[in-house]
Amino acid sequence: MPSVAAVRDFRIHPRSIGPAVIAASAVALNVLAGAKMGMAALFFALPAAVLAGWWQRRVDQRQAGLKLLSQQDALTGLGNRRLLHERLNYEITRHRRHSRRFTLLALDLDGFKQVNDRFGHPAGDEILREVAKSLQRAVRDQDTVVRMGGDEFCVLAPESTWEDAETLAHRLHEAVEGAVGGLDMLGVSVGYAVFPDEGWTPEHLLTRADAAGIDVKRRKRPPGEDAKRAA
C-alpha cells in the first residue's frame with residue numbers, strides 16, 4: 001500500500017494522460033486494421049500499451065493512497081472510525097457464516113482532560129501516540145486497533161470467545177498503564193461486546209461495548225460522586 005508521501009508526490013491527473021493513451025491506441029488500431037502488420041504497427045502499439053499500463057498503475061496507486069488516508073487517524077497513525085466499520089461488516093459476515101464469535105473492545109482514557117488542562121494539548125497528543133503504540137504491541141496480528149476520536153480507542157479481535165475477551169481486556173488495560181506510567185491522574189476503562197451474543201450489527205456492538213466501558217468507569221468512582229455530579 002502506498003505511503004502518504006507517495007500519494008502527495010503524484011501530481012499528474014488521470015484526465016491529462018487519458019487522451020494521450022486514447023490517441024496513441026487509436027493510431028495503433030488503425031494501423032493494425034490494415035492489410036499488413038509490420039514495424040509501423042509495433043512502433044505505435046508498444047508505446048501505447050506501455051503508457052496505458054503505466055497510467056493504470058499510477059491511478060491504482062493514487063486511489064489506494066486516498067483510501068488509506070480516508071481510513072487513517074492523522075495523529076496516531078492507527079485506523080479510524082471508517083476503517084472500523086469496514087472491518088466490522090467484514091467480520092460480521094465471516095463469523096456469521098462460520099457460526100463463530102469475535103470481540104469488540106472500547107477503551108476510554110480516564111482523566112485525560114485533566115492531563116490536557118495541566119500539561120497542555122501537545123503533551124496530551126504525545127500521550128495518545130504512546131498509548132496507540134502500546135495497544136498495537138499488545139494485540140495479535142489479526143486484530144485491528146483504531147482511534148475513534150479524542151481519547152477513545154477500539155480493538156476488533158476476530159476469532160475470540162468470552163474468555164479471550166476478558167483476557168484481552170486485561171492485557172489492554174496493562175498496556176495503557178505501561179504507556180502512561182507515572183501519571184496517577186490517568187487511567188483507562190475497557191468495555192467489550194461479543195458477537196453474536198450482544199449484537200448483529202456494528203451499531204449494536206459499539207453501543208454495547210461503550211455501555212460496558214461506561215459501567216467500568218462508574219464502578220471506579222468514589223461512593224457518592226455520581227450524586228454530586230447530578231446535583
Positive dipole terminus of region 123-216, leading residue within Thr167, Ala123, Leu183 (C-beta point charges): Ala123
Let me spell out the model: positive unit charges on the Cβ of Lys and Arg, negative unit charges on the Cβ of Asp and Glu, origin at the Cα centre of region 80-122. What dipole size does that give, in debye rounded to 20? 400
Tabulate in residue order the Karplus-calculated ³J(HN,Hα) for region 133-139, using 6.51 cos²θ - 1.76 cosθ + 1.60 with θ = phi - 60°, rounded to whole Hz; enter x for Gly and Pro. 4, 5, 5, 5, 5, 8, 9
I'd like the Karplus ³J(HN,Hα) series for region 171-181: coefficients 6.51, -1.76, 1.60, θ = phi - 60°, whole numbers in Hz, and an x wherever there's a Gly or Pro. 5, 5, 4, 5, 5, 5, 4, x, 6, 10, x
Rounded, prolate or oblate for region 157-202? Axes are the square roots of the Cα gyration tensor eigenvalues, ordered a ≥ b ≥ c, and the cut-off for rounded is a/c under 1.5. prolate
List, in order, the whole-Hz ³J(HN,Hα) value for each residue of region 110-116 obtained from phi through the Karplus relation with A = 6.51, B = -1.76, C = 1.60 and θ = phi - 60°; use x for Gly and Pro. 8, x, 5, 4, 5, 5, 4
Quick one: order Phe153, Phe102 by neighbouring beta-carbon count within 10 Å, fewest to most. Phe102, Phe153
Quick one: order Arg118, Arg81 by neighbouring beta-carbon count within 10 Å, fewest to most. Arg118, Arg81
Measure of compaction for region 99-231 (Cα Rg per 2.2 N^0.38 Å): 1.08
Sort Lys220, Lys113, Lys133 so that the residue with the fewest other Cβ atoms within 10 Å of its own Cβ comes first and the one with the most comes last. Lys220, Lys113, Lys133
Using amide H atoms built in the peptide plane, which far-off residues or other-chain residues are under 5 Å from Val188 H to H? Asp110
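Based on Cβ point charges of +1 for Lys and Arg and -1 for Asp and Glu, what charge dipole magnitude is obtained for region 77-231 about its Cα centre, in debye rounded to the nearest 20? It would help to have the intermediate numbers written out before the result.
Values: 24 positive and 26 negative charges, 57 e Å.
Roughly 280 debye for region 77-231.
Values in this text are rule-based calculations from the coordinates and carry no lab data. None of these values were measured; they are calculated from a predicted model. As a convention, Cβ positions derive from the backbone with ideal geometry for all residues, glycine included, and neighbour counts pool all protein chains shown.
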